[in-house]
Amino acid sequence: MKIKIYAEESYTTTITREAMEIDTDNYPELAGMTEDEVSEYIDNNAWDMKATDELYSSLGEECVDQSLSYDSISGEETIFYVEEVK
């Protein structure tokens, strides 16, 4: 029997950008929120929040354009599977 052998590799890549400092007083939507509430709100709405710099269209865009602080590749997995050649 002739077979084809396939190898499929997958990885988990994590990138952390340099921190940005913002003043929550400049974001009325964050007024009265706890730190956890602010974190959740930004996580869900960063792409719709105003940027601190006119160069960007949103706070989310500005955050992901910051310099790389840390990166990691983990969770490497290789799977082999075969298929019979007919």
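Just so you know, all these numbers are worked out from the coordinates, no wet-lab data involved. Predicted model, so just to flag it, every value in this text is computed and none were measured. Neighbour counts run over all protein chains shown; Cβ positions are idealised from the backbone, glycine included.
Some points to look at:
- Residue tally, condition more than 21 Å from Thr16 (Cα to Cα) and either acidic (Asp, Glu) or in contact with a helix residue (DSSP H, G or I) (Cβ under 9 Å, 6 or more places away or on another chain) (or both), over segment 56-86: 3
- Yes/no for Thr78 being among the hydroxyl-bearing types (Ser, Thr, Tyr) and either farther than 30 Å from Ile5 by Cβ or in contact with a Phe, Trp or Tyr (Cβ under 9 Å, 6 or more places away or on another chain) (or both): no
- Test result for Ile15, touching a strand residue (DSSP E or B) at 6+ places or on another chain (Cβ under 6 Å), closer than 25 Å to Tyr70 by Cβ and among the aliphatic types (A, V, I, L, M): yes
- Those residues of segment 1-17 which are surrounded by 10 or more Cβ atoms within 10 Å (Cβ to Cβ) and out of contact with any Asp or Glu (no Cβ under 9 Å at 6 or more places or on another chain), in sequence order: none
- Scanning segment 31-66 for residues that are in contact with a strand residue (DSSP E or B) (Cβ under 7 Å, 6 or more places away or on another chain) and assigned to a loop (DSSP other than H, G, I, E, B) yields a total of 1.
- Cross-chain or 6+ apart pairs with Cβ under 7 Å, segment 18-35 first and surrounded by 10 or more Cβ atoms within 10 Å (Cβ to Cβ), then part of a loop (DSSP other than H, G, I, E, B): Glu18/Gln66; Glu18/Ser67; Met20/Gln66; Ile22/Thr52; Tyr27/Met49
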